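Just below is one structure, and these are the notes that go with it.
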Amino acid sequence: MLITTLIWLENLPPFTSLRSSAYAYPIVLALHVSAISLFGAMIVVTDLRLLGWSFQDCSISDLIHQLRRPKWFGLIATATFGFLLFACKAEEYYYNSFFRVKILLFLLIAMHAVAFRRGVYSDPAKLDHSLKSPPHAKLAGSLSLLLWVAVLCAGRGIGYVPGRAGMHYH
Amino acid sequence: MAIENPLSTSPLAFPILECFHIAGFALAIGMTALVDLRLLGIGLYKQSPSHIARAFEWWSLAGLVVAVFSGLLLFSTDPDMYYLNWSFLIKMVCLALAVAFHYTIHRRAVFRGISPSAGRLVALVSMMLWVSVIFGGIFIAVVRPGLA
């Protein structure tokens, strides 16, 4: 069922042409990497602040509130370009172990967001009262750093898995 | 006697170095982009551009250093290919321009202040230069088969 959907997806007209174009695919890849730089830096900046390692003269709540919209924009841009890369080789990606690890990491990141939502992200003003960053904020920051670095490595790994024979490309 | 590059003996060396390379330049380019977005009036609008730049200065320099050194090691695995690769050459020209621009005009605009319209121009040039370095890097692998 899933694999039928993936074969249908990769053979939709925009994705067949993206797959066969010599330049469109690397352009989308370069846009994906550019968006990663912006999005990744915003994540690192937030995490470093939660850890108390940088930007100490800006309060945690100030930083989180100001970056909320730009971060969403960065995530949507990165995910959109990433989806295009996936969609034109959806069937192959399904079998790719690094891609599977990456999806698993995204699930962990979603769990991280839910777990620290109340304590850190939804009401960061609470964290401004103490001079030092509280332990659970530091934990949120360090786990986030670890998870996103793992996503980066898994993402790079995808390209190293050799292409499979017998894919249903039209 | 031929001396083999130790990086070529392990198939894992190149991809691991690439991860360092990507993490390094993402940090450097992304943090610079946050300063550029501020010059455009987007993002950390409560802080001044110089405040943001000072807060991230050492982190983004660390990212650039990691990217350059991992890049040198990546280059060392196949120097002839890179030297003959026109995308690599364009990338190096863009990188030199981006770094030069960053430490001269961009730095002056951020720390000494500049008119808002000139600030926007500086931000756009800075972002275009850094993004062109990324494009140059991605296209190294695309133009590679064209080599004899």
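Hey, does segment B:91-100 have a residue that's farther than 20 Å from A:V33 by Cα, away from chain A (no Cβ under 14 Å) and surrounded by 18 or more Cβ atoms within 10 Å (Cβ to Cβ)? The answer is no, given that none of the residues of segment B:91-100 is farther than 20 Å from A:V33 by Cα, away from chain A (no Cβ under 14 Å) and surrounded by 18 or more Cβ atoms within 10 Å (Cβ to Cβ).
Looking only at segment A:52-63, which residues are part of a helix (DSSP H, G or I) and open to solvent by less than 20 Å² (accessible area, probe 1.4 Å)? If you could, list the steps in order and put the result at the bottom.
Here is the first cut: in segment A:52-63, the ones part of a helix (DSSP H, G or I) are A:60-63.
Matches in segment A:52-63: A:I60, A:S61, A:L63.
Okay, residues lined up against (1) in a helix (DSSP H, G or I); (2) more than 24 Å from B:G113 (Cα to Cα); (3) modelled with pLDDT of 95 or more:
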position	(1), (2), (3)
B:I3	no, yes, no
B:A23	yes, yes, yes
B:A26	yes, yes, yes
B:L37	yes, no, yes
B:L72	yes, yes, yes
B:D80	yes, yes, no
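Taking the condition of being more than 10 Å from chain A (Cβ to nearest Cβ) and aliphatic (A, V, I, L, M), how many residues in segment B:18-67 meet it? Qualifying residue count, segment B:18-67: 10.
Which residue, of B:S76, B:S70, B:S50, is within 27 Å of A:G52 (Cα to Cα) and either in contact (Cβ under 8 Å) with a residue 24 or more places away in the chain or among the charged types (D, E, K, R) (or both)?
B:S50
Kindly provide the set of residues from segment B:123-148 that are out of contact with any Ser or Thr (no Cβ under 9 Å at 6 or more places or on another chain), surrounded by fewer than 21 Cβ atoms within 10 Å (Cβ to Cβ) and modelled with pLDDT of 90 or more, ordered by number. Scanning segment B:123-148 gives B:L124, B:V125, B:M128, B:S132. Of all the numbered requirements in (1) in contact (Cβ under 8 Å) with a residue 12 or more places away in the chain; (2) part of a helix (DSSP H, G or I); (3) away from chain B (no Cβ under 14 Å); (4) open to solvent by 60 Å² or more (accessible area, probe 1.4 Å), A:H168 misses one, and that requirement is (2).
The values are calculated or read from the model by the stated rules, or taken from the named source; none is laboratory data. None of these values were measured; they are calculated from a predicted model. Neighbour counts are summed over all protein chains in view; Cβ atoms, including those assigned to glycine, are modelled from backbone coordinates with ideal geometry. We work out accessible area using only protein heavy atoms, side chains counted, and drop any ligands, DNA or RNA first. Shrake-Rupley method; radii C 1.70, N 1.55, O 1.52, S 1.80 Å.
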